[in-house]
Amino acid sequence: MITVDTVERAVGTPDEPQPYTELGLKDDEYVRIRDILGRRPTTAELAMYSVMWSEHCSYKSSKVHLRQFGDLPRSEALLVGIGENAGVVDVGDGYAVTFKVESHNHPSYVEPYQGAATGVGGIVRDILTMGARPVAVMDSLRFGRADAPDTARVLPGVVAGVGGYGNCLGLPNIGGELSFDECYAGNPLVNALCVGVMRHEDLRLAKAEGAGNRVVLFGARTGGDGIGGVSVLASETFADAAEAGLSPAKRPSVQVGDPFTEKLLIEACLEIFAAGLVTGIQDLGGAGLSCATSELASAGTGGMHVDLDRVPLRDSTLTPAEILMSESQERMCAIVEPGKVDDFLAVCRRWDVQATVIGEVTDGDRLTVDWHGERIVDVPPRTVAHEGPVYERPVQRPADLDDLRADDPAALPRPTTGAELTAHWLAVVSSPDGADKTWVTEQYDRYVRGNTVLAQPDDAGVVRIDEDTHRGIALALDGNARYARLDPYAGAQLNLAEAYRNVAVSGARPLAVTNCLNFGSPEEPAVMWQFAEAVRGLADGCRELGLPVTGGNVSLYNQTGDVAINPTPVIGVLGVHDDVRRRVPSGWRAAGETVLLLGETRAEFGGSAWASVMHGHLGGRPPAVALPAEKALAALLAGLVGEGLVTSAHDLSDGGLAQALAESALRYGTGAALDLSAVAGDAFTALFSESGARAVVTTTDPGSVRVTADWAGVRVTELGTTGGDALRVADLPELPLAELRAAWTATLPALFGSPEVTVGSVPAGTVPTS
Amino acid sequence: MRIGVITFPGSLDDVDAARAVRLAGGEPVSLWHADDHLEDVDAVVLPGGFSYGDYLRAGAIAARAPLMHSVVAKARSGLPVLGICNGFQVLCEAGLLPGALTRNGHLHFRNRDQALRVERADTAWTGSYTAGQRIVVPVKNGEGRYVAAPADLDRLEEEGRVVVRYVEGNPNGSLRDIAGVTSADGRIVGLMPHPEHAVEDLTGPSTDGLGFFTSVLTAVVAA
């Protein structure tokens, strides 16, 4: 029989050694816990503090920088800002939208399928907790070199996990990103976004109020999975690949998902919300019950008491500390008035969801937890949830940055003849980053719920939220770590600008920003400098574009040994469509339309896809940030789409005009005859420069587009006319779409397996003998 | 015309099926899996999704839901029933349609816009089409590979019970490119592709799927 470490026992054994280092706490943090409690913590208390004070939960290294987002001017559209589970934005007609992106990087490396699946599950519960019905997901994925053996282990599992969970929940996947770089070899990035919709009056907040109100735990039973996930996995650097992925030692720290239970949880919650049966609600994610109880109590006005032995278990041998730390998925915690408990439990029964009253809100200011009648936790909840350590980590500009910036891509050999230009064009478009993503996106349901208006490969995902008024939302999720490596301040702004532009080309009005900041170890001053610069850049960029940051997520310790990933701020922008029927696709549908380039093209190749694909080069300066030009372009696009003047619009980003023209042509199989000589001084710059604030549009009324653009101060360059089955660019060999499509679509299947099947063959044993 | 749409735990495309019924001019009626008796409806749709998380076998647990007892009884006496994707799996598991749906040949979930040929335009659910018509509707499944014993397949072909067939590529390795089959009386139809996702230009690859839902309105009136 294990002795339970009670509060009483802790008082009596002040000098008992405690494994705080193994739980991820530093010496001074342990001392502070002892100071707060006036005694040593019990084993259960130590478990709670260790997970809640982890980098993942406490944001202890990032907090001082993230405050800049809270200082942005308040936007009228912002209903709930940073600090809640997800920000909430007014999108008109009484509708509110909540959206957030979150990382599940470390678990996805250790166990790709479950890591990615539970990443989706976690962000969906965050959105649900706000009172919203989740309506769509997106995913931003980064892996090591596409041809590396370990990428073949990680990528298929991650994609199947994102799809397996989201498909089974009935949430359409409306877009995202897929990118490869050596720097992610030991640290793939799996960032998942969820968006939900509610009426203004349905908004819920996570707080425990009203003494006597019951604490109800509902959803899956608690098991031994994911114990210490936030502290052991997400807040530490793996010494080497073996420690992280190849040994099973950390696998129990990864949670195991059950999307079927989560689907039932969603429907039960929405029914509970509609019937007004809860006063507060919180999901159980990282740090599990420790997080949910301390956050609910901390945000409320009183205290809370929990009888931990009432928690339904999958494994009866779990210790109280393990129950408090378990990250078992598909669980929620609600605060329910005593008179409504029966109705609450009835809804849960109807959906086959297990629900148990485990405690109640109290008058005091303590969070207390009992285990079979013995007190094992007695703490001030704020000290666990909201008053964790805060660090001003040292920052230092990376020593190699000057050399990196001096290594200008201007010195790289360039293609000159038409044949060389075409060869480079094909190479960029068929590179793993540029290639067709169907191998991935085919594994995701984009149709479920019947409101998906645009999804990948269009620039933004567009979802209808009202079938009568046709109101809808647009979302884009973008990151470019090469730019951020060269200049994290500018890189964050360029990523913001790209997501903003992607929302704008669909015809939507950008409204709000979320972010997922993926960086190396905060204990390295060079990484901390990158982080500080990126946050400052993003905050300044949002201020200039007039957009609030509604929330986000920070993932640190993305490094293997001493080598950190490239700084990777992934930015999500939400926009609103007053009428989704006016959206424009990214591809060309009809022949005989005029192709126009909007915006200025300068010779900018630092961090470009061309330099990376053709020369394996990363150096120089990223493209200039031009936020006023981005604003002008977005306003122009909104106007053009609103007046029905353009038939397609496609943003220019990685791979420049070369990538955009190929994608626009391949979307519906419509070619074009083009002359790029007015774009820039030479065809190479025209094709491969990555200058921002640009888009390609098609129109049947170029005169009106020109007038509108002149008025908006956006340069218009006529490129040619759509039609035919090839891209015919003056002075370049004709590029048949069949050849382009073959190159573009072959890359991912060649790397990760052909999606075709042999028709008609029946493996033995699969034929029913009815 | 009242068309019931059953929600099982884990049904996902029930809202889509109800929308398709409405757009076709019918009145969708929500049905709950745990109810004992089928309400007064003129036809029933079993929607797509992952009922019971596909645990045991896709559709196996839902096929034994209380409401399915009356659906099976009434279907045997001519009530038109359409099973889409998971609904098709449920109908096979309930013994209303022959064959079984197994894991896709390539082992991946696959979602794509799929061309189909309508082989039978005289069932309760396909009367709005013409035989041989090519339609495009989304397909999305992980376990959509239609299999049956060779003799059963021959019999289905002879009796003309293949309703829709995959053309221009088979998305999952279904035997003889079979996408959907019907009962001997043509009242029960099951198919893996999702006609309810092709009912509006705004959200679907086409509006080709609407015909399934308009067909049944005519079939019920005629019956």
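Overview of results
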read-out	value
Gap separating the Cα centres of the range A:364-437 and the range B:158-223, nearest whole Å	47 Å
Among A:107-119, B:192-204, A:341-353, A:660-672, the order from most to least packed when residues are scored by Cβ within 10 Å on average	A:107-119, B:192-204, A:660-672, A:341-353
Radius, Kirkwood style, for the range A:479-568 when every pair of distinct Cα atoms is counted (Å)	13.3 Å
Average other protein chain Cβ within 10 Å of Cβ, residues B:196-204	5
Net charge dipole size for the range A:503-602 [Lys, Arg +1 and Asp, Glu -1 on Cβ; Debye, nearest 20]	560 debye
Shielded by partner chains, the range B:31-46 residues - at least 20 Å² of accessible area, 1.4 Å probe, vs chain alone	B:32
For the protein assembly as shown, share of DSSP beta bridges that run antiparallel, in % to the nearest 5	75 percent
Reciprocal of mean inverse Cα separation for the range A:409-452 (Kirkwood radius, Å)	13.5 Å
Highest average packing first - A:211-219, A:515-523, Cβ atoms within 10 Å	A:515-523, A:211-219
With all protein chains modelled, accessible area of residue A:314 [1.4 Å, Å²]	130 Å²
Share of carbon and sulfur in the accessible heavy-atom surface of chain A [1.4 Å probe, %]	51 percent
Positive-end residue, the range A:24-91 charge dipole about Cα centroid, Cβ charges, pick of A:25, A:73, A:42	A:42
Average beta carbon contacts from partner chains per residue of B:104-117, 10 Å cutoff	5
Accessible surface buried once B binds A (1.4 Å probe; total of both sides; Å²)	3400 Å²
Positive-pole candidate from B:104, B:205, B:126, dipole of the range B:2-222, charges at beta carbon	B:104
Spatial separation of Cα centroids for the range A:291-356 and the range A:680-759, in angstrom	54 Å
Rounded to whole Å, sorted largest first: equivalent-ellipsoid semi-axes of the protein assembly as shown, Cα gyration tensor	43, 40, 25
Rg over Rh [alpha-carbon atoms, Kirkwood Rh] for the range A:528-589	1.13
Exercise: per-residue mean of other protein chain Cβ atoms within 10 Å, B:174-186	1
Among A:547-554, A:77-84, the order from most to least packed when residues are scored by Cβ within 10 Å on average	A:547-554, A:77-84
Cα-Cα over 28 Å, subset of A:26/A:63; A:263/B:74; A:100/A:631	A:263/B:74
Fraction of accessible area attributable to carbon and sulfur, the range B:22-103 (%, probe 1.4 Å)	50 percent
Tensor-based shape of the range B:2-222 (alpha-carbon gyration tensor, a/c under 1.5 rounded, otherwise prolate or oblate)	rounded
Over the range A:588-708: Kirkwood hydrodynamic radius from C-alpha pairwise inverse distances, Å	15.0 Å
Area of residue A:325 that stays accessible when all protein chains are in place (1.4 Å probe, Å², to 10)	10 Å²
Net charge over other residues, Cβ less than 13 angstrom from the Cβ of residue A:94 (K, R count +1; D, E count -1)	-4
The range B:50-77-the range A:464-515 distance, computed between alpha-carbon centres (Å)	43 Å
Sum of -39500 (n - 2.57) over DSSP H runs of 4+, divided by residues of the protein assembly as shown (222 nm, nearest 500)	-9500 deg cm²/dmol
Dimensionless Rg/Rh of the range A:298-408 - Kirkwood Rh, Rg from C-alpha atoms	1.23
Loop-located GluC sites (Glu not before Pro) in the range B:139-195, at most 11 other Cβ atoms within 10 Å (DSSP)	B:159, B:168
About the Cα centre, charge dipole magnitude for the range A:327-438 (Lys/Arg +1, Asp/Glu -1 at Cβ), debye	240 debye
Sparsely packed trypsin sites (Lys or Arg not before Pro) within the range A:548-610, loop by DSSP, other Cβ within 10 Å at most 12	none
Signed unit charges on C-beta, dipole axis of the range A:531-680, positive-most listed residue A:615, A:640, A:658	A:640
Cα-centre dipole for the protein assembly as shown with unit charges at Cβ (Lys and Arg positive, Asp and Glu negative), debye to 20	1060 debye
Accessible area in square angstrom per residue, the range A:584-750, 1.4 angstrom probe	33 Å²
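The values are calculated or read from the model by the stated rules, or taken from the named source; none is laboratory data. Nothing here was measured: the structure is a model prediction, and the numbers come from that model. Because the Cβ atoms are built from the backbone with ideal geometry, glycine has one as well, and the counts that use them run over all protein chains shown. For the accessible areas, the whole protein counts, side chains as well, though only heavy atoms, and no ligand, DNA or RNA atoms are used. Shrake-Rupley method; radii C 1.70, N 1.55, O 1.52, S 1.80 Å.
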